[in-house]
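Trainee: Handing you this structure, nothing more for now.
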Amino acid sequence: MEQAIQDFILALAAERGASRNTLGAYQTDLRQLEDYLRQEGITAWTQAQPAHLADFIAYLREREYAATSIARKAAAVKSFFRALGISGAIPENPAHELALPRVERDLPQTLTADEVARLFRHIDSTTPSGQRDDAMLRLLYATGLRVSEVVALSVTDLDADLTHIRAAGRNGKARILPVPASVRAALVDYLERGRPQLARQESVRPLFLNHHGARLTRQGFWLIMKGHARAAGIAHITPHTLRHTFALDLVDRGVELRDVQELLGHANLSTTQVYRHLRRAQSDLAGVGAGIATTTAMTTAMTTIADATDASDDAMLVDVAVSVDARGGSSEAGAAAPAEDTSDLVCARVGSGRSPSRG
């Protein structure tokens with residue numbers, strides 16, 4: 001049974017270019033299913049029946065797994081058995097009728113203009129690590145890059161005059177994004193003063209380095225961001241808060257949703273539509289009082305977002321669930337009014353039109 005899981009993961013990586021997070025989630029979830037079936041006396045995938053899979057989902061609910069986790073596991077199971085059926089490894093697909101639990105996604109969290117100002121004000125840009133943090137957070141905030149994209153950047157992803165940056169997005173899709181002037185100033189400060197002191201050798205290529213002189217990890221980024229947010233008195237923050245703030249600001253500026261989608265690197269427009277629904281929800285909430293009216297408005301907004309992001313493709317649902325689980329949920333978002341000027345980002349397009357090269 002384990003070999004079938006490994007073959008499926010390898011095929012998923014090769015044929016669909018799934019992210020490491022998605023591949024890891026699939027593997028963990030399918031191994032959990034395997035363990036459950038073995039406890040039920042099932043020793044081969046050909047023996048699995050629809051009732052066994054339905055019982056597995058019921059078992060997860062009894063163990064009080066989060067709705068997002070159950071949805072992710074159900075999607076992984078459906079994709080796995082579909083692949084087994086197509087390959088002829090099983091005579092019939094027992095997961096064909098397995099229902100995907102409905103997941104209502106939380107409203108994305110954003111920062112207010114005051115919170116953004118406080119965040120950057122509490123970064124000590126006189127130290128090498130502070131110069132790195134200032135440049136890194138400003139870049140994320142002004143371009144909407146994913147945290148995984150920011151930490152994956154190399155010096156060669158910047159062009160010679162620091163006006164554009166190349167981000168390697170999901171599924172191998174690259175985006176060329178303009179870098180606002182305010183961010184360029186922070187990048188210059190980091191590249192000229194901070195980074196040389198963090199780098200242990202001149203040949204190291206990662207853009208953002210930790211105190212060991214190696215590439216900063218996502219976990220390291222999150223610890224850094226939490227530390228600065230705590231110092232600024234900001235409690236409601238996640239690794240993607242600055243990205244959400246950037247996106248909501250573009251929507252407020254009247255940027256076409258397709259342009260926002262391309263800037264963010266979303267594969268599906270429905271994912272980007274969340275920000276339009278978020279703005280409408282915040283506008284609705286601003287006009288209602290406390291109590292039942294406010295609760296009703298929030299519930300309606302959450303349902304609308306769930307409808308907009310309802311995934312027909314199992315892999316998309318897994319990606320959504322992995323993302324939600326990673327954030328650990330979020331609370332009601334505040335109004336967003338970024339201080340950085342991001343209007344010049346509207347002209348960016350997905351693709352390899354301009355290939356930055358530096359170093």
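Trainee: Identify, from the list 228, 236, the residue that is surrounded by 20 or more Cβ atoms within 10 Å (Cβ to Cβ), touching a residue at least 12 places away in the same chain (Cβ under 8 Å) and not polar (S, T, N, Q). Talk me through it step by step, then tell me what you get.
Mentor: Working: 236 fails: surrounded by 20 or more Cβ atoms within 10 Å (Cβ to Cβ).
None of the others qualify; the one that does is 228.
Trainee: Regarding residue 215, is this residue charged (D, E, K, R) and within 25 Å of the chain's Cα centre (by Cα)? Step through it out loud before you land on a result.
Mentor: Values: charged (D, E, K, R): yes; within 25 Å of the chain's Cα centre (by Cα): yes.
Yes: the conditions hold for residue 215.
Trainee: When the range 65-79 is examined, which residues are found to be touching a residue at least 60 places away in the same chain (Cβ under 8 Å), assigned to a helix (DSSP H, G or I) and of a type in the set (A, V, I, L, M)?
Mentor: Step one: of the range 65-79, the residues touching a residue at least 60 places away in the same chain (Cβ under 8 Å) are 66, 68-69, 71-72, 75-76, 78-79.
Adding the requirement that they be assigned to a helix (DSSP H, G or I) leaves 68-69, 71-72, 75-76, 78-79.
Those that are touching a residue at least 60 places away in the same chain (Cβ under 8 Å), assigned to a helix (DSSP H, G or I) and of a type in the set (A, V, I, L, M): 71, 75, 76.
Trainee: Still on this structure: Output the qualifying pairs, or none if there are none: Cβ atoms under 6 angstrom, residues six or more apart or on different chains, first residue in the range 94-108 and modelled with pLDDT under 70, second residue part of a loop (DSSP other than H, G, I, E, B) and polar (S, T, N, Q).
Mentor: Note: pairs meeting the criteria are 105/309; 106/330.
Trainee: On to the next question. With the structure loaded, tell me whether residue 175 is of a type outside the set (A, V, I, L, M, F, W, C) and either at pLDDT below 85 or within 14 Å of residue 242 (Cβ to Cβ) (or both) or whether it fails that test. Even if it seems obvious, please write down each step before you answer.
Mentor: On the way: of a type outside the set (A, V, I, L, M, F, W, C): yes; either at pLDDT below 85 or within 14 Å of residue 242 (Cβ to Cβ) (or both): no.
Spelling it out, it is not the case that residue 175 is of a type outside the set (A, V, I, L, M, F, W, C) and either at pLDDT below 85 or within 14 Å of residue 242 (Cβ to Cβ) (or both).
Trainee: Next up: Take the residues in the range 50-65 that are out of contact with any Asp or Glu (no Cβ under 7 Å at 6 or more places or on another chain) and surrounded by 13 or more Cβ atoms within 10 Å (Cβ to Cβ), then tell me which one is nearest to residue 82 (Cα to Cα). Before you say what the answer is, go through the steps one by one.
Mentor: Taking the range 50-65 first, the residues out of contact with any Asp or Glu (no Cβ under 7 Å at 6 or more places or on another chain) are 51, 53-65.
Then drop every residue that is not surrounded by 13 or more Cβ atoms within 10 Å (Cβ to Cβ), which leaves 53-57, 59-60, 65.
Working: 53: 13, 54: 16, 55: 19, 56: 17, 57: 17, 59: 22, 60: 21, 65: 24 Å.
Per the stated criteria, the residue is 53.
Trainee: For the range 17-43, give me each residue that is touching a residue at least 60 places away in the same chain (Cβ under 8 Å) and either outside the structural domain of residue 68 (by TED's automatic domain parsing) or surrounded by 13 or more Cβ atoms within 10 Å (Cβ to Cβ) (or both).
Mentor: From the range 17-43, those touching a residue at least 60 places away in the same chain (Cβ under 8 Å) are 17-19, 21-22, 25-26; that's our starting set.
Selection gives 18, 19, 21, 22, 25, 26.
Trainee: Which ones in the range 23-38 are farther than 16 Å from residue 63 by Cα and of a type outside the set (A, V, I, L, M)?
Mentor: Across the range 23-38, the qualifying residues are 24, 26, 27, 28, 31, 34, 38.
Trainee: Moving on. What do you reckon, is residue 157 within 20 Å of residue 215 (Cβ to Cβ) and either at pLDDT below 95 or not hydrophobic (A, V, I, L, M, F, W, C) (or both)? Walk me through how you get there before you give the answer.
Mentor: Details: within 20 Å of residue 215 (Cβ to Cβ): yes; either at pLDDT below 95 or not hydrophobic (A, V, I, L, M, F, W, C) (or both): yes.
Considered against the rule, which asks whether it is within 20 Å of residue 215 (Cβ to Cβ) and either at pLDDT below 95 or not hydrophobic (A, V, I, L, M, F, W, C) (or both), residue 157 comes out as yes.
The values are calculated or read from the model by the stated rules, or taken from the named source; none is laboratory data. Keep in mind that this is a model prediction, so the values were computed, not measured. Please note: Cβ atoms are built from the backbone with ideal geometry, for glycine as well, and neighbour counts cover all protein chains shown.
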